[in-house]
Amino acid sequence: MRSCKSAPRNIDEYIACFPPDVQATLINLRSTISKAAPGAKEAIKYAIPTFTLKGNLVHFGAYSKHIGFYPTSSGIASFKKELSGYEVTRGTVRFPLDTKLPLNLVRKIVKFRVKENLESAGAKGKKK
């Protein structure tokens with residue numbers, strides 16, 4: 001489904017490689033993550049969009065039939081009940097392209113991951 005041949009250097013380039021309807025979904029997802037994680041930085045890691053804040057926060061990517069959302073295994077486990085309607089693996093959620101993204105749930109998961117990363121970074125700083 002991706003139309004670009006070269007690896008994207010940033011999230012804008014990544015999003016531009018997809019059809020307009022998928023671009024709109026990715027833009028909404030990016031905006032939701034960005035608002036839920038003020039201060040997070042954007043990057044391309046593992047060839048997909050990534051947000052970092054004291055380490056990897058979440059990743060996402062578009063595929064032929066779904067949007068992959070990667071909030072780590074802790075992000076999945078902590079929202080297991082809310083994610084029960086989606087295909088889920090240990091660290092991945094697959095949101096079908098033909099359904100509306102659950103942006104409120106994404107927001108809650110990202111905020112959880114922000115808190116988790118900040119607490120982890122604080123604990124590492126105290127161990128000196």
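Surrounded by fewer than 18 Cβ atoms within 10 Å (Cβ to Cβ) and closer than 27 Å to Ser3 by Cβ: does that describe Ile48? So Ile48 fits the description; yes. Restricting attention to the stretch 51-93, the residues that are within 11 Å of the chain's Cα centre (by Cα), under 21 Å from Asn28 (Cβ atoms) and not aromatic (Phe, Trp, Tyr) total 12. The conditions of being surrounded by 14 or more Cβ atoms within 10 Å (Cβ to Cβ), modelled with pLDDT of 95 or more and touching a helix residue (DSSP H, G or I) at 6+ places or on another chain (Cβ under 9 Å) are not met by Pro102.
Can you tell me which residue in the stretch 26-56 is nearest to Pro102 (Cα to Cα), limited to those that are in contact with a strand residue (DSSP E or B) (Cβ under 6 Å, 6 or more places away or on another chain) and of a type in the set (Ser, Thr, Tyr)? Looking at residues that are in contact with a strand residue (DSSP E or B) (Cβ under 6 Å, 6 or more places away or on another chain) and of a type in the set (Ser, Thr, Tyr), I get Thr50.
With Phe112, Phe60 as the choices, which residue is modelled with pLDDT of 95 or more and in contact with a strand residue (DSSP E or B) (Cβ under 7 Å, 6 or more places away or on another chain)?
Phe60
Selection of helices (runs of 4 or more DSSP H) fully inside the stretch 1-109 by the criterion of at least 3 residues being polar (S, T, N, Q) returns 20-36, 72-78. Of the residues making up the stretch 68-119, those that are closer than 18 Å to Gly55 by Cβ and touching a residue at least 60 places away in the same chain (Cβ under 8 Å) are Val110, Lys111, Arg113, Val114, Asn117, Leu118.
Residues in the stretch 85-96 that are of a type in the set (S, T, N, Q) and modelled with pLDDT of 95 or more: Thr92 alone.
The values are calculated or read from the model by the stated rules, or taken from the named source; none is laboratory data. Everything numeric in this text was worked out from a predicted model, so none of it was measured. Neighbour counts are summed over all protein chains in view; Cβ atoms, including those assigned to glycine, are modelled from backbone coordinates with ideal geometry.
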